[in-house]
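The values are calculated or read from the model by the stated rules, or taken from the named source; none is laboratory data. Only a predicted model underlies this, so the values are computations on that prediction, with no experimental measurement involved. Positions of Cβ are generated from backbone atoms using ideal geometry, with glycine treated the same way; all protein chains shown enter the neighbour counts. For the accessible areas, the whole protein counts, side chains as well, though only heavy atoms, and no ligand, DNA or RNA atoms are used. Shrake-Rupley method; radii C 1.70, N 1.55, O 1.52, S 1.80 Å.
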Amino acid sequence: MLDFRGVIFDVDPVFNNSDEWYEAIPEKIRPRKDQPFYHLLAENAESTYVAYVSQQNLVSDDSDDPIEHPAIAGLFTDYTDGRYTLRREHRH
């Protein structure tokens, strides 16, 4: 529905953001809270940003093109075969 690409750098097993953030989403498209939510370094044609996206709203990107986000180098060490390698200090 929203035209952006991103790379996941963290996951919450269930919703873990503010009620204000959740309520700001129009009710017709508001995701359930009882599913994983992913933190993404995201980009679209105009900008880069950090997104918080429910599992039901993710679609696989098969392009194998890297993401051009300025925070990539701080979180990942490598990009090989369409996959980023998370830096050791960011793993948990």
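For ILE72, what charge total do you get from the other residues with a beta carbon under 11 Å from its beta carbon, if Lys and Arg give +1 and Asp and Glu give -1? Provide the component values of the computation, followed by the final result.
Values: positive: ARG87; negative: GLU43, GLU68, ASP78.
With Lys, Arg at +1 and Asp, Glu at -1, the neighbours total -2.
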About the Cα centre of the chain, how large is the charge dipole given +1 on each Lys and Arg Cβ and -1 on each Asp and Glu Cβ? Please answer in debye to the nearest 20.
-> 320
If you add up the charges near SER60, with Lys and Arg at +1 and Asp and Glu at -1, over every other residue whose beta carbon is less than 14 angstrom from its beta carbon, what do you get?
-> -2
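What is the percent carbon and sulfur in the accessible area of the chain, measuring with a 1.4 Å probe over the protein chains and ignoring ligands? Intermediate values should be presented prior to the final figure.
Details: 3290 of 6650 Å².
Answer for the chain: carbon and sulfur cover 49 percent of the accessible area.
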Expected 222 nm ellipticity per residue - DSSP helices of 4 or more, -39500 (n - 2.57), all of the chain, to 500 | -1500 deg cm²/dmol
Using Cα pairs closer than 8 Å and at least 6 residues apart in sequence, work out the relative contact order for the chain, in percent.
-> 25
